[in-house]
Amino acid sequence: MKFLFCLFAMVISLRGQEVAVEKAPPEVIASAVKAVADLGQEVVLGRYKVAVDRMYPQWKERTAMRMGGMENLERQLDGVAKQMLQQGISITDFTPQGQPRAFEVFPGKKVETIDGRQVESLRYTKWLVLVPTVTRFRTMIEGDPVAVVIESTGFQVAISEKGKDSWTFIDGAGVTVNDLRSLFITLPKDLELPPLEKRQIR
């Protein structure tokens with residue numbers, strides 16, 4: 001609640017003021033895509049806890065509250081990993097694929113010294129990048145000796161403070177436009193998220 005109060009207070013204070021807009025440099029988008037690729041590699045190696053460790057903090061708090069606390073969240077994730085192992089399901093690939101889209105979020109104040117004077121301006125302080133992904137699962141079906149491969153298209157929401165190149169994530173499988181706009185209220189109201197699809201490819 002404290003986080004939301006501070007966020008809404010900031011937005012109210014920005015009304016009527018112009019916020020400087022900056023286009024995401026290619027290196028920022030490349031950094032976000034690489035961070036998602038690194039996350040995917042960890043997951044493929046079975047290190048599922050990284051999904052919690054690298055979750056965007058405010059989203060992690062919300063998710064943990066819905067699950068009854070952080071311990072329950074981690075326990076549930078561990079349970080999913082064990083069930084996958086018991087059922088012979090493995091993640092064989094998790095990679096970025098598609099065109100990322102970047103947005104500036106989190107308006108804040110920046111103070112600079114210009115001609116010996118302290119000048120205050122409004123700037124967006126974080127990058128948010130929607131990174132489409134493809135994940136492949138291999139599983140066995142009863143009565144079929146050949147493994148089935150399921151391909152899932154989705155996305156990761158990568159967030160970093162500007163200039164820090166330290167990305168945290170929100171999994172697109174469990175988030176809506178309204179969820180994102182409740183965290184980052186300057187996102188477009190007509191924001192379209194990358195599609196979520198699953199299909200059997202073998």
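The values are calculated or read from the model by the stated rules, or taken from the named source; none is laboratory data. Remember, it's a predicted structure, so these values are computed and weren't measured experimentally. Methodologically, a virtual Cβ is constructed for each residue, glycine included, from the backbone with ideal geometry; neighbour enumeration extends over all protein chains shown. All accessible areas refer to the heavy atoms of the entire protein, side chains included, with ligands and DNA or RNA removed. Shrake-Rupley method; radii C 1.70, N 1.55, O 1.52, S 1.80 Å.
In this structure, is residue 123 of a type in the set (Lys, Arg) and farther than 23 Å from residue 29 by Cβ? So residue 123 does not fit the description; no. If you go through the range 106-147 and keep only what is over 21 Å from residue 169 (Cα atoms) and of a type in the set (Lys, Arg), you end up with 109, 110, 117, 123, 138. Residue-level analysis places residue 151 among those that are more than 29 Å from residue 122 (Cα to Cα), out of contact with any helix residue (DSSP H, G or I) (no Cβ under 9 Å at 6 or more places or on another chain) and touching a residue at least 12 places away in the same chain (Cβ under 8 Å). Answer yes or no: is there a residue in the range 1-22 that is open to solvent by 40 Å² or more (accessible area, probe 1.4 Å) and at pLDDT 85 or above. Within the range 1-22, none of the residues are open to solvent by 40 Å² or more (accessible area, probe 1.4 Å) and at pLDDT 85 or above. Filter the range 91-106 for residues that are in a strand (DSSP E or B), surrounded by 15 or more Cβ atoms within 10 Å (Cβ to Cβ) and out of contact with any Gly (no Cβ under 6 Å at 6 or more places or on another chain) and give the result. Passing the criteria: 91, 93, 96, 101, 102, 103, 104, 105, 106. When 187, 193 are checked against the criterion of being more than 27 Å from residue 109 (Cβ to Cβ), assigned to a loop (DSSP other than H, G, I, E, B) and in contact with a helix residue (DSSP H, G or I) (Cβ under 9 Å, 6 or more places away or on another chain), 193 stands alone in meeting it. The strands (runs of 3 or more DSSP E) falling completely within the range 107-181 that include 2 or more residues that are among the aliphatic types (A, V, I, L, M) and either modelled with pLDDT of 95 or more or in contact with a strand residue (DSSP E or B) (Cβ under 9 Å, 6 or more places away or on another chain) (or both) map to 117-139, 148-161. The residue that is nearest to residue 171 (Cα to Cα), counting only those in the range 25-45 that are open to solvent by less than 40 Å² (accessible area, probe 1.4 Å) and not aliphatic (A, V, I, L, M), is 40.
Taking the range 41-88 as the range and being of a type in the set (Phe, Trp, Tyr) and closer than 22 Å to residue 178 by Cα as the test, the residues that pass are 56, 59.
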